[in-house]
1. Give the range 135-168 a look and list any residue that's loosely packed, with under 14 Cβ neighbours inside 10 Å and touching a residue at least 40 places away in the same chain (Cβ under 8 Å), or say none.
2. Just checking, how many residues over the range 50-89 are of a type in the set (D, E, K, R) and surrounded by 22 or more Cβ atoms within 10 Å (Cβ to Cβ)?
3. Please find, within the range 90-125, the residue that is nearest to LEU18 (Cα to Cα) out of those that are surrounded by fewer than 14 Cβ atoms within 10 Å (Cβ to Cβ) and aliphatic (A, V, I, L, M).
4. I'd like the residue in the range 76-107 that is among the small types (Gly, Ala, Ser) and part of a loop (DSSP other than H, G, I, E, B) and, out of all such residues, is nearest to ARG43 (Cα to Cα).
5. Restricting to the range 69-102, count the residues that are out of contact with any strand residue (DSSP E or B) (no Cβ under 6 Å at 6 or more places or on another chain) and in contact (Cβ under 8 Å) with a residue 40 or more places away in the chain.
6. Answer yes or no as to whether ALA144 is of a type in the set (A, V, I, L, M, F, W, C), within 31 Å of the chain's Cα centre (by Cα) and farther than 29 Å from PRO80 by Cα.
7. Here is a list: GLU134, GLU119, GLU194. Which entry is of a type outside the set (Gly, Ala, Ser) and farther than 21 Å from PRO78 by Cα?
8. Please state which one of VAL115, VAL152 is in a helix (DSSP H, G or I) and more than 28 Å from the chain's Cα centre (by Cα).
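The values are calculated or read from the model by the stated rules, or taken from the named source; none is laboratory data. A quick note: this is a predicted structure, and the numbers were derived from the prediction, not measured. Ideal geometry is used to build each Cβ from the backbone, glycine not excepted, and the neighbour counts take in all protein chains shown.
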Amino acid sequence: MNPTVHIVDDDADFRDGLAWLLDSRGLPTRNWSGGDVFLQSLRPGNPMWECCVVLLDIRMEPLSGLATFEQLKAMGWPWPVLFLTGHGEMSMAVAAVKNGAWDFLEKPFQNNLLVDKVEAARQAALALQADSRERLLFQQSLAALSAREREVLDQLLQGHYNKNIAEHMGITPRTVEFHRANIFEKLRVNSAVELAHRMGRLA
């Protein structure tokens, strides 16, 4: 997977120069003339929602970078957004980062710094994608548990031992152990501690 870098800027010369720089470093790009055009292309489930990074100019017409970012958030956009800011716009960029943007770069910037930050954002996007896939697989595994296994799982997560679970459920400790083994296999864990950790992180 090679995440695309979406460059959203209303300055065509700057946009093309930035695309040339990133393309020359092996980073695939796609250019957009404004936030409104970029937003119009987005539909959940289409390829535009695949793992990517967005470089977003903070000042654009007719839709500013900040307004574009707010609409992305409202749509549930999961991928890193880096703001490109000019002189005197630092406070807006800092506020955007506090509001969920991944980072910002102040123009004019050093090429290597830009490439490094973009590559770091791409790696963050890949990590987010991997985490989302792991969460989906775990939730599917949870859904595959039988009602009895879910009951045993709930007891395990409360810290109860097999004997206590058996007494609570009116079954034998051996049956509890059987269900426990099935739960561990289906959820791909090796201990109750690992189970609790994965439930807290992925469920």
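1. Residues satisfying the conditions are GLN139, ALA144.
2. Start the filter on the range 50-89 by keeping residues that are of a type in the set (D, E, K, R), which leaves 50, 57, 59, 61, 70, 73, 89.
Right, trim to surrounded by 22 or more Cβ atoms within 10 Å (Cβ to Cβ) and you get 57.
Matching residues across the range 50-89 total 1.
3. Among residues in the range 90-125 that are surrounded by fewer than 14 Cβ atoms within 10 Å (Cβ to Cβ) and aliphatic (A, V, I, L, M), the one nearest to LEU18 (Cα to Cα) is LEU113.
4. Kept after step one, since they are among the small types (Gly, Ala, Ser), are these residues of the range 76-107: 76, 86, 88, 91, 93, 95-96, 100-101.
If we keep only those that are part of a loop (DSSP other than H, G, I, E, B) as well, we get 76, 86, 88, 100-101.
Values: GLY76: 11, GLY86: 30, GLY88: 34, GLY100: 21, ALA101: 20 Å.
Looking at the filtered set, the residue picked out is GLY76.
5. Summing the residues that are out of contact with any strand residue (DSSP E or B) (no Cβ under 6 Å at 6 or more places or on another chain) and in contact (Cβ under 8 Å) with a residue 40 or more places away in the chain in the range 69-102 gives 1.
6. Details: of a type in the set (A, V, I, L, M, F, W, C): yes; within 31 Å of the chain's Cα centre (by Cα): yes; farther than 29 Å from PRO80 by Cα: yes.
Yes: the conditions hold for ALA144.
7. On the way: GLU134 fails: farther than 21 Å from PRO78 by Cα; GLU119 fails: farther than 21 Å from PRO78 by Cα.
From the options GLU134, GLU119, GLU194, the qualifying one is GLU194.
8. Working: VAL115 fails: more than 28 Å from the chain's Cα centre (by Cα).
One residue alone meets the criteria, VAL152.
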